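Undergrad: Before we start, here is the structure in question, set down as structure tokens.
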Amino acid sequence: MKNLYRFLAIIVGLVFIASGLVKVDDPTGTAIKFEEYFHVFADDVSGTIGFLESFFLFLADWSMPMSILFSSFELVLGVALVIGFKEKFSLRATLALLLFFGLLTFYSAWFNKVTDCGCFGDAIKFTPWGSFTKDLVLLVLLLGAMAFKPKKTITQYGMYGGSYTVKKAAPAWKSMIMIIASAFALGTCYYALNHLPPVDFRPYKIGANIQKMMSPEVPCESVYYMEKDGEEKMFTNYPTDPSWKFVRMEITNEEECKSLIPDYYISNAEGEDFTALTTNAKRLLVIVQNVSEIEKEEVESVRQMLRSMEGTIETMVITSDANNFEQFMHDSKWNVPFYYADATVLLAMVRANPGILLIDNGTILGKWHHNDIPTDDEISQLLN
């Protein structure tokens, strides 16, 4: 029984560790998912239960702190299950988390609200029902572990007879591992937010080519439904017989033939397409998601970088903030052209505001957080 209990606990723990590692690597991505869930819940109760709507909107404003806490706790809890630390508490806490996330994923699947739970960040994508099934399997394994868990107690006898039960204390090495795991989880979150995620699971990773990602990896395959004399028939090739009337067309490999970045589009204020500017030459891109969240020191650091790169490489600013951005450019003295893109795209490109990307004919050579502004030498070495 003990071996079976440990086996089941370790399996659940390893899954939690893997999921937690991906989340602490990119707490911004997890915060986005939390915010998405809370806004969905707020919309669903809007006009019916007012205090719940306000509560969910309040939680949405705290998505980032919740992301850091939940992500770190998930990783630490996984470690606790694997090494057998505070087993009773660890099992109950894991049960609570699985029930919580199980309800979320079931809600998403049943009502088709949030199409990706973000359980493993951007490393592994799950469908809504796939996410719920994963949680259900983990719940069954956990309940099995709880059922087979042996009691770890020591019976001691008193000086004057009688006996009492004493719980066995956790070994010092287990406590040390838990401290290290907690420090690692919180430290990784801190690093990811103040620099960039240590491991980039987004499509816009260093070495990726934007132009290639805009094109489908495999050709789309279609079938045609035609009708003649009241009979409907499917064709893999469009029939040349004019007596067949077109009914509808379906793509049979729709998921496979989608491009990795179908929404990548760069435009000017009038909506004209300037996407090719980022795929046909060497460019230094400054990504600005929200002007109101940029500090003066960050503005000055970017301005100095842009001035130092004059005549070396063409630079441009891409933003999703359409509110008086021209005035911001004037005030910041960033004397370079600026263009617009979708906010989701820019957040996927770089988890920083502002962030910097170096691109050579669509291939991403480097990306930096505003706390790690690249020097002229860094950029020159990457370009050569």
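The values are calculated or read from the model by the stated rules, or taken from the named source; none is laboratory data. All of these numbers come straight from a predicted model, not from anything done at the bench. FYI the Cβ positions are ideal-geometry reconstructions off the backbone, even for glycines, and counts take in every protein chain you see. With ligands, DNA and RNA removed, areas are computed over all heavy atoms of the protein, side chains included. Shrake-Rupley method; radii C 1.70, N 1.55, O 1.52, S 1.80 Å.
Undergrad: Restricting to the stretch 49-70, count the residues that are among the aliphatic types (A, V, I, L, M), over 24 Å from ALA192 (Cα atoms) and either touching a helix residue (DSSP H, G or I) at 6+ places or on another chain (Cβ under 6 Å) or in a helix (DSSP H, G or I) (or both).
TA: Residues in the stretch 49-70 being among the aliphatic types (A, V, I, L, M), over 24 Å from ALA192 (Cα atoms) and either touching a helix residue (DSSP H, G or I) at 6+ places or on another chain (Cβ under 6 Å) or in a helix (DSSP H, G or I) (or both): 2 in total.
Undergrad: Further, regarding this structure: Would you call SER46 among the polar types (S, T, N, Q), touching a helix residue (DSSP H, G or I) at 6+ places or on another chain (Cβ under 7 Å), open to solvent by 20 Å² or more (accessible area, probe 1.4 Å) and farther than 24 Å from ALA352 by Cα?
TA: yes
Undergrad: State whether one or more residues within the stretch 79-93 are surrounded by fewer than 19 Cβ atoms within 10 Å (Cβ to Cβ) and farther than 18 Å from ALA145 by Cβ.
TA: no
Undergrad: Checking the structure you have, find out if any residue of the stretch 288-300 is assigned to a strand (DSSP E or B) and closer than 30 Å to GLU326 by Cβ.
TA: The answer is yes; a qualifying residue exists.
Undergrad: Which of (1) more than 30 Å from PRO203 (Cα to Cα); (2) of a type outside the set (Ser, Thr, Tyr); (3) open to solvent by 60 Å² or more (accessible area, probe 1.4 Å) is the odd one out, the single condition PRO239 does not satisfy?
TA: Every listed condition holds for PRO239 apart from (3).
Undergrad: Within the stretch 216-227, is there a residue that is in contact (Cβ under 8 Å) with a residue 24 or more places away in the chain, in contact with a strand residue (DSSP E or B) (Cβ under 7 Å, 6 or more places away or on another chain), among the acidic types (Asp, Glu) and open to solvent by less than 100 Å² (accessible area, probe 1.4 Å)?
TA: no
Undergrad: In the stretch 365-374, what residues are of a type outside the set (D, E, K, R) and either part of a strand (DSSP E or B) or open to solvent by 70 Å² or more (accessible area, probe 1.4 Å) (or both)?
TA: LEU365, GLY366, TRP368, HIS369, ASN371
Undergrad: Further question: Just give me the residues in the stretch 361-384 being farther than 17 Å from GLY207 by Cβ, in contact with a helix residue (DSSP H, G or I) (Cβ under 6 Å, 6 or more places away or on another chain) and either at pLDDT below 90 or among the aliphatic types (A, V, I, L, M) (or both), in sequence order.
TA: Of everything in the stretch 361-384, those that are farther than 17 Å from GLY207 by Cβ, in contact with a helix residue (DSSP H, G or I) (Cβ under 6 Å, 6 or more places away or on another chain) and either at pLDDT below 90 or among the aliphatic types (A, V, I, L, M) (or both) turn out to be ILE373, ASP376.
Undergrad: May I ask you to list the residues in the stretch 329-364 that are touching a Lys or Arg at 6+ places or on another chain (Cβ under 8 Å), in a helix (DSSP H, G or I), among the small types (Gly, Ala, Ser) and within 17 Å of ILE266 (Cβ to Cβ)?
TA: Passing the criteria: only ALA348.
Undergrad: I want to confirm something. Restricting to the stretch 1-43 and keeping residues that are touching a Lys or Arg at 6+ places or on another chain (Cβ under 9 Å) and of a type in the set (Gly, Ala, Ser), which single residue is surrounded by the fewest Cβ atoms within 10 Å (Cβ to Cβ)?
TA: GLY29
Undergrad: List every residue pair whose Cβ atoms lie under 6 Å apart, where the two residues are 6 or more positions apart in sequence or sit on different chains, the first residue falls within the stretch 290-312 and is over 13 Å from ASN335 (Cα atoms), and the second residue, located anywhere, is open to solvent by less than 90 Å² (accessible area, probe 1.4 Å).
TA: Listed by first residue and then by second, the contacts come to ASN290/ASP321; ASN290/ASN353; VAL291/ASP321; VAL291/PHE328; GLU293/ASN353; GLU298/HIS370; SER301/ILE373.
Undergrad: Considering only residues that are open to solvent by 30 Å² or more (accessible area, probe 1.4 Å) and hydroxyl-bearing (Ser, Thr, Tyr), look in the stretch 251-300 and name the one that is farthest from PRO219 (Cα to Cα).
TA: Filtering the stretch 251-300 for residues that are open to solvent by 30 Å² or more (accessible area, probe 1.4 Å) and hydroxyl-bearing (Ser, Thr, Tyr), the one farthest from PRO219 (Cα to Cα) comes out as SER292.
Undergrad: Another question about this same structure. Failed condition for ILE364, given (1) over 17 Å from GLN211 (Cβ atoms); (2) under 25 Å from the mean Cα position of the chain (by Cα); (3) not basic (Lys, Arg), with all others met?
TA: Unmet for ILE364, out of (1) over 17 Å from GLN211 (Cβ atoms); (2) under 25 Å from the mean Cα position of the chain (by Cα); (3) not basic (Lys, Arg): (1).
Undergrad: Among the candidates GLU87, GLU74, single out the residue that is closer than 27 Å to LEU14 by Cβ, more than 25 Å from the chain's Cα centre (by Cα) and among the acidic types (Asp, Glu).
TA: Result of the check over GLU87, GLU74: GLU87.
Undergrad: Within the set of pairs 6+ apart or on separate chains, which have a first residue in the stretch 92-110 that is modelled with pLDDT of 80 or more, a second that is open to solvent by 60 Å² or more (accessible area, probe 1.4 Å), and C-beta atoms under 7 Å apart?
TA: Every condition considered, the pairs that remain are GLY102/LEU136.
Undergrad: Scan the stretch 144-165 and give yes if some residue there is outside any loop (DSSP other than H, G, I, E, B), modelled with pLDDT under 65 and under 30 Å from ASP43 (Cβ atoms), otherwise no.
TA: The answer is no; no qualifying residue exists.
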